[in-house]
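Trainee: My structure is below; once you've seen it, I'll send some questions.
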Amino acid sequence: MHLKFRVDWGYVFLYSRRIYHPEYCWDGHLEVTDGSISGIWKANYPIVWFGPTMSPKLERLPSPEWKNSTRRGFSGIVVEAEVNENTRFKLVTASGTFQFSAEEIITQGRIVFDVGSKYSNNTVIVTRAGYYWFRPEAKPGDFVLDGCQITSLPVVNYYRMDSAQLNPQQTFEFIPLLPPPEPGTGCQVLLHLQAQLRGLEADFDKRDKSFGMRGVDGSHEIPVTDELTLEVTDEAGRVLTTISHFYRAHDVWCQLLEDVWGEFDLPSTPCKIRIKNTHERLPLMINRIVLHRQPRQHLQLTVPTYLLKNEPFTGRIFARRVDTVQIAIDDAAPVEMTLQKGWNDFPLVCRRAGKDIPVVVRNAKESVVATVGTVFDLVEENPPIKVGYDLTVINHDASGELDWLLDYTWRTRLGNYMALRSFHYDRPSPYDADDEQIRGWGEAARKYRIYLQGTNCYQSGALLESAKEFVHNAGPHEKAGVIYALDPDNISTDMKDATERFIAHCKTFSDEVHALGMKSALGDAGGGPQHLYAAGMDYIRTETMVSHTMLLCSIGRAAARAYDRPEWGVHIAIQHGKTPYLKEHMGIYWLSLFQPWMMDASFIYEEDSLFQLFKEERQCWDDLLTKGKRDMTRWFFQFAKTHPRQGRSRPAIALIEGRYTSPFSGFICGSEQDPDYSVWGKFGRSDKPSWRHCQPEKVFQLADILMPGASTHPFMQKHDMRRFYFSGTPYGDFNRLPVEAPLEYWQEHKLAIQFGWNTMIAEDHRKMVQFVQNGGTLLIGLPEFCISADRDILENVAAMPLWNGGDLSELAGIRVKGAATEFSGEFRFLLPGFEKIPVQSRDTWRGAEEDGACPVAAIELAGAEVVAVDVRTNAPLAVRFRLGQGEVWCLTTLAYPGHEKLADLAGALLAGLASRNRSDYRIEEESGEVFWTWRPLDGKCGQLMALNTDWMIEGNVKPARVITPFQQFDTSIIERQAKILTVLDSGVLEPMEADIPAVEIIGADSVRITSANDRAEFLWHPVNGTPRTIFLELIPGKGTVLTP
């Protein structure tokens, strides 16, 4: 038996660079027993910044051995072999040995081996030729023809997919077999093609080849964009349909594999179907053809699977002829309606909660019944939760694709939020659609109560005119990216100037949108939403899955509160972050939905992969990770609507974002960036070493203690400890609080950590004093008292000008008299509770001395007490000052706390104070992979929420300890299951089923339980007594009061 397969090894993280990753050596050979290798090729993937988007160039090897290494890259081999049922292969490389059999390749199709550290994403993947692990089996009754089965056309491996090439003006034919249509349902057939254009050498010559690629030339795969029309005819030459579609490449080198749809009548099969490529120049690569019967009966009803009581919605009836019917919703009086041929909409509101609420439509002869699965007696959040997606991969044109998707989103309850974002490259930038189309989309969105975001397509006014109150926000997406993606212009004079220039840059977009009468918004992946709010933005779209979710959401939430914005949201860029695509992609998406929800985000939407994936093997509409994410989005939308949150999250710890601090998110986007990249990006300076990321910004490497392993690009980290995107919060959820936040918001926190850049001004000093006097704990360093905004102070930190001439007695209880000695690197605490030196993931770029001198200040005590000293010199390194009801803990070095020499000292101090200032209601566990947050209500009531962020094994369990001031007990945090514990005065209520009911606190010891199910199981942990199981009988959709 002949067997062809490929072996790929390596990985790519898009928003990272080679210097941050280890080099893996793959020098090795392939052994085979009871079989023979008939051919072997080295697979050389073109180096494309965006991932392994192209097919490899194959280099035949004289023998099954090779030399190869990867560093944030892909490589591999292609093998042809003669095998039998006993054939086994042994892949021997310098990075490991991997064994598999021919039978496993044939039966499983894809075999994945993990290599390296737990979250390296490094794999060895064995894939049978022509096998797509994500593609579903054909549905019963469907006709499926894969491109590799079209024998009349040449089959080419194009963009990593085996596709049939249909040349310009060429026609091919096939004979489908479909079941006959059921009587009275019509003979409609849906044609679904998965196809992409193939560019020619002339198209390659037109590409901008300066960005994002190496080793790509005109002999290889050439991305192209153009409109192509397919003509579909039967054997008699009758035109069944014509399908015009705009085919696209995206992110420079990624040709999309597109879903192309058409519908026509086909009474019976078998019969010949012919498809013609009418393009004058470009071939079409056909990867799959599916034909599916579309039965539609007269009076066929479309109703939602769930509703809230009294929620306005729209039902739909299909009519094969003009008819007069009566529509009865539950026990309401029937309403008469005249139906026209086709689909007819009618208002649908359910006044009663319950299960299987009937909707009946009847004419003089017949009736049809459909049921709304559950109607919930719940009050929606205000403002309402919004869940949805960005329309990046959907054509914004007159083809009807976007119109259909609006309809699909409404009727399947996929969500209630859609972001218009056209990339129709045959139009001038910003690729806006025609007003006629925009008005149609706006009117449909308003009718179906779908909120629209105008990332483009908003400037003409047609969007607001049509969608009206359902325009949620408008403004371009990545215009704030100048701080992480562009080289410095070397104009800013200091940090204050850079701050003001960035704010002015963003203000132009806010002012533009406000002038058009809409709320303004920008996407933020850089970690500086406070500056965007200062520029007048109404909303921020925090872009997760580019950097670490905790870094971004902690400031997204805090900045919205600081600037009194009622909503903030999350834009989930999950497609691009890492390849290869693996099944745990779904676990990462689940976390991407739930963590922002637990952190108070009120609009949560996916960027561009609910319909297509195109950064590795292409996935389309029906495939595992696209359809899987649509199903998960739909499920999460229902969960969020039927689990209205009470109160808001209230972290006990805040990292203070100092005055004029530069944005930070652990994210880089330039093609070759490193730790020397300037703070403030475009508004920074590359001509001054003091502007590179260094001591002040290394506070975020210390924050590793609060979120173990969190990626902190552009700084170096130990690769085997680093985690992209998610990690646990051993001391609890925390805020990155802008210093300009009002005092009452500061006061919600127990511990404020001011360890990064800060230019001290009177307003902020006064606020810090009041925060501590009112009971807060402040952890600060001497550089945070600096009154200069000039980065040049970093060249000689011993000379930096301090607040009040160094007299810090009011806030820190000391007076600074200048520099004393250099810190020896050895320290000793004089108080208990700081013995543990936290292990951090940080690493150096230039070595341990990269931050230069680390002078200790000469201080005079003015009410403070020394709590840590230099072991060799006995010089004070940290002091504690009691002020009012609170305390100030101050490092007394003139170097910033992020300095490499201070890592252990500052880390131990931070960890010790974080431990002392955790929430009284908390979760403790050992893995460091559980995120948790506390949402208090009045008195002792509230909810503890937790997530298992270990996405590597579906359903894995983390044992944890729940602690309140009144009790402790053990629980488990399961991957892809939200843990929501309801804390009452007399105990804690723990749901015991994966399908969590809504639990509303209505009193000190009472809750209201609402679920789609007829029963619920809880474990009740009383303050005094033995835990007991509660089985509660429910009426689906209706609230049941429980007083445990």
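The values are calculated or read from the model by the stated rules, or taken from the named source; none is laboratory data. These figures come from a predicted structure and were not determined experimentally. Cβ placement follows ideal geometry from the backbone for every residue including glycine, while neighbour counts extend to all protein chains displayed.
Trainee: Here's a check for you: in region 806-832, which residue that is more than 28 Å from His765 (Cα to Cα) and in contact with a helix residue (DSSP H, G or I) (Cβ under 7 Å, 6 or more places away or on another chain) is surrounded by the fewest Cβ atoms within 10 Å (Cβ to Cβ)?
Mentor: Gly825
Trainee: Separate question: Taking Leu883, is it touching a residue at least 60 places away in the same chain (Cβ under 8 Å), crowded, with 20+ Cβ neighbours inside 10 Å and assigned by TED's automatic domain parsing to the domain that holds Ala799?
Mentor: On the way: touching a residue at least 60 places away in the same chain (Cβ under 8 Å): yes; crowded, with 20+ Cβ neighbours inside 10 Å: yes; assigned by TED's automatic domain parsing to the domain that holds Ala799: yes.
In short, yes.
Trainee: Hey, another quick one. Please go through region 518-569 and pick out each residue that is within 20 Å of Glu748 (Cα to Cα) and acidic (Asp, Glu).
Mentor: Listed by number, the residues that qualify are Asp564, Glu567.
Trainee: With the structure loaded, tell me whether Tyr408 is out of contact with any helix residue (DSSP H, G or I) (no Cβ under 8 Å at 6 or more places or on another chain), among the aromatic types (Phe, Trp, Tyr) and at pLDDT 95 or above or whether it fails that test.
Mentor: It is true that Tyr408 is out of contact with any helix residue (DSSP H, G or I) (no Cβ under 8 Å at 6 or more places or on another chain), among the aromatic types (Phe, Trp, Tyr) and at pLDDT 95 or above.
Trainee: While we're on this one: If a residue has to be touching a helix residue (DSSP H, G or I) at 6+ places or on another chain (Cβ under 8 Å), part of a helix (DSSP H, G or I) and over 14 Å from Arg842 (Cα atoms) to count, how many in region 892-911 make the cut?
Mentor: 2
Trainee: Follow-up. Going residue by residue through region 85-99, is there one that turns out to be at pLDDT 95 or above and within 24 Å of Met213 (Cβ to Cβ)?
Mentor: There is no residue in region 85-99 that is at pLDDT 95 or above and within 24 Å of Met213 (Cβ to Cβ).
Trainee: Restricted to region 3-54, and to residues that are of a type in the set (Ser, Thr, Tyr) and surrounded by 18 or more Cβ atoms within 10 Å (Cβ to Cβ), which residue is nearest to Trp845 (Cα to Cα)?
Mentor: Going through the qualifying residues, I end up with Tyr20.
Trainee: Would you please list the contacts, defined by Cβ atoms under 6 Å and residues six or more apart or on different chains, that run from a residue in region 412-438 that is in a loop (DSSP other than H, G, I, E, B) to a residue that is among the aliphatic types (A, V, I, L, M)?
Mentor: Gly415/Val387; Asn416/Ile450; Arg421/Leu391; Ser422/Ala433
Trainee: Which pairs turn up if I take residues in region 367-380 that are touching a residue at least 12 places away in the same chain (Cβ under 8 Å) and more than 18 Å from Val303 (Cβ to Cβ) and look for partners that are in a strand (DSSP E or B) and aliphatic (A, V, I, L, M) with beta carbon separation below 7 Å, at least 6 apart in sequence or on another chain?
Mentor: That search, which allows pairs on different chains as well, returns Leu378/Leu308; Leu378/Ala998; Glu380/Leu308.
Trainee: Just the residues that are β-branched (Val, Ile, Thr) and assigned to a loop (DSSP other than H, G, I, E, B), please, taken from region 67-86.
Mentor: Within region 67-86, just Val83 meets the criteria.
Trainee: Among the residues of region 499-524, what is the count of those that are in contact with a Phe, Trp or Tyr (Cβ under 7 Å, 6 or more places away or on another chain), part of a strand (DSSP E or B) and under 13 Å from Gly481 (Cα atoms)?
Mentor: Qualifying residue count for the region: 1.
Trainee: Is it true that Lys958 is out of contact with any Cys (no Cβ under 7 Å at 6 or more places or on another chain) and touching a residue at least 24 places away in the same chain (Cβ under 8 Å)?
Mentor: When the stated conditions are applied, Lys958 passes them.
Trainee: Here is a follow-up. Suppose the filter is buried (at least 23 other Cβ atoms within 10 Å of the Cβ), touching a Gly at 6+ places or on another chain (Cβ under 6 Å) and among the aliphatic types (A, V, I, L, M); does Val699 pass it?
Mentor: yes
Trainee: Check region 37-45 and report whether any residue there is out of contact with any Asp or Glu (no Cβ under 8 Å at 6 or more places or on another chain), part of a strand (DSSP E or B), touching a residue at least 12 places away in the same chain (Cβ under 8 Å) and closer than 22 Å to Ala129 by Cα.
Mentor: No, region 37-45 contains no residue that is out of contact with any Asp or Glu (no Cβ under 8 Å at 6 or more places or on another chain), part of a strand (DSSP E or B), touching a residue at least 12 places away in the same chain (Cβ under 8 Å) and closer than 22 Å to Ala129 by Cα.
Trainee: Tell me, please, whether a residue that is farther than 19 Å from Leu582 by Cα and surrounded by fewer than 20 Cβ atoms within 10 Å (Cβ to Cβ) can be found in region 110-130.
Mentor: No - not one qualifying residue is present in region 110-130.
Trainee: Sticking with this one: Tell me which helices (runs of 4 or more DSSP H) are completely within region 527-598 and hold 1 or more residues being touching a residue at least 24 places away in the same chain (Cβ under 8 Å) and closer than 30 Å to Gly10 by Cβ, or say none if there are none. Step through it out loud before you land on a result.
Mentor: Details: elements: 529-534, 549-562, 585-598.
Output list reads 549-562, 585-598.
Trainee: Just one of Ala504, Ala462, Ala525, Ala535 is farther than 28 Å from Ala789 by Cβ and assigned by TED's automatic domain parsing to the domain that holds Ile438; which is it?
Mentor: That would be Ala462, the only listed residue that is farther than 28 Å from Ala789 by Cβ and assigned by TED's automatic domain parsing to the domain that holds Ile438.
Trainee: Turning to a different aspect of this structure: Within region 794-814, work out how many residues are in a helix (DSSP H, G or I) and either farther than 17 Å from Gly756 by Cα or without any contact (Cβ under 8 Å) to a residue 40 or more places away in the chain (or both).
Mentor: 4
Trainee: Of all residues in region 292-315, how many are polar (S, T, N, Q), part of a loop (DSSP other than H, G, I, E, B) and touching a Gly at 6+ places or on another chain (Cβ under 7 Å)?
Mentor: 2
Trainee: Okay, next question. Only one of Thr151, Thr123, Thr87, Thr107 is of a type in the set (Ser, Thr, Tyr) and in the same structural domain as Leu197 (by TED's automatic domain parsing); which?
Mentor: Numbers: Thr123 fails: in the same structural domain as Leu197 (by TED's automatic domain parsing); Thr87 fails: in the same structural domain as Leu197 (by TED's automatic domain parsing); Thr107 fails: in the same structural domain as Leu197 (by TED's automatic domain parsing).
Exactly one of Thr151, Thr123, Thr87, Thr107 is of a type in the set (Ser, Thr, Tyr) and in the same structural domain as Leu197 (by TED's automatic domain parsing), namely Thr151.
Trainee: For the subset of region 912-953 comprising residues that are part of a loop (DSSP other than H, G, I, E, B) and among the polar types (S, T, N, Q), which member is nearest to Leu891 (Cα to Cα)?
Mentor: Asn917
Trainee: Here's a follow-up. Which one of these is assigned to a loop (DSSP other than H, G, I, E, B) and either of a type in the set (Lys, Arg) or touching a residue at least 12 places away in the same chain (Cβ under 8 Å) (or both): Glu280, Glu263, Glu231, Glu227? Reasoning before the result, please.
Mentor: Numbers: Glu263 fails: assigned to a loop (DSSP other than H, G, I, E, B); Glu231 fails: assigned to a loop (DSSP other than H, G, I, E, B); Glu227 fails: assigned to a loop (DSSP other than H, G, I, E, B).
Unique residue meeting the criteria: Glu280.
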